[in-house]
Amino acid sequence: MNIKKDFGQRIKEIRSKKGITQYKLAEMTGIDPKHMSHIETGRSFPKADLIEKFATALDIDYTVLFNTEHLRDRKFLTDKINAILGEVSDKDLRTIYKLITSYVN
């Protein structure tokens with residue numbers, strides 16, 4: 001786990017989903033586009049005030065920027081999914097199975 005890399009990936013993920021270019025987000029937050037690139041690639045980590053600017057520009061709560069668990073490795077995700085599935089009812093497990101198979105197939 002690398003906080004700078006994960007944070008950068010998360011910024012890029014949210015920015016892309018919102019249809020905002022890297023250049024535009026840099027402009028919206030008042031930073032140099034090169035610095036924006038360094039943040040997204042994990043070479044730099046923003047200070048708190050810039051994190052707040054990102055959240056405002058992306059119209060999200062700043063805590064969303066730190067939701068990076070889904071970026072973890074396959075083994076972690078598989079173990080986490082298996083733990084969750086171990087807690088659900090048989091009925092819910094069947095529903096989850098249908099959802100997964102319809103998504104994958």
Checklist entry - Which entries in 24/98; 5/53; 12/80 show an alpha-carbon gap greater than 29 Å? => result 24/98
Item to check | Extended-chain gain in nm, criterion 0.36 nm per residue less alpha-carbon gap, residue 90 and residue 67 | outcome: 5.4 nm
Checklist outcome for this item: Residues other than residue 53 with Cβ under 14 Å of its Cβ, Lys/Arg counted +1 and Asp/Glu -1, net out at -3
Item to check | D_trans [Stokes-Einstein, Kirkwood Rh over alpha-carbon pairs] for segment 3-69, 10 °C, 1.306 mPa s, µm² s⁻¹ | outcome: 139 µm²/s
Checklist entry - Can you give the net charge of the other residues whose Cβ lies under 13 Å from the Cβ of residue 100, counting K and R as +1 and D and E as -1? => result +1
Checklist outcome for this item: In degrees, nearest 10, the alpha-carbon axis of helix 74-85 is tilted away from the dominant principal axis of the alpha carbons of the chain by 50 degrees
Next on the checklist: Compute the helix-to-body angle for 48-58: its Cα long axis versus the longest principal axis of the chain, expressed 0 to 90° and rounded to tens.
Outcome noted: 70 degrees
Next on the checklist: Please arrange 5, 17 by how many other C-beta atoms lie within 10 Å of their C-beta, fewest to most.
Outcome noted: 17, 5
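Where a number appears in this text, it was derived from the coordinates with a stated rule and is not lab data. Predicted, not measured: the structure shown is a model, and the values here were computed from it. Note that each Cβ is placed from the backbone with ideal geometry, even for glycine, and that neighbours are counted across all protein chains shown.
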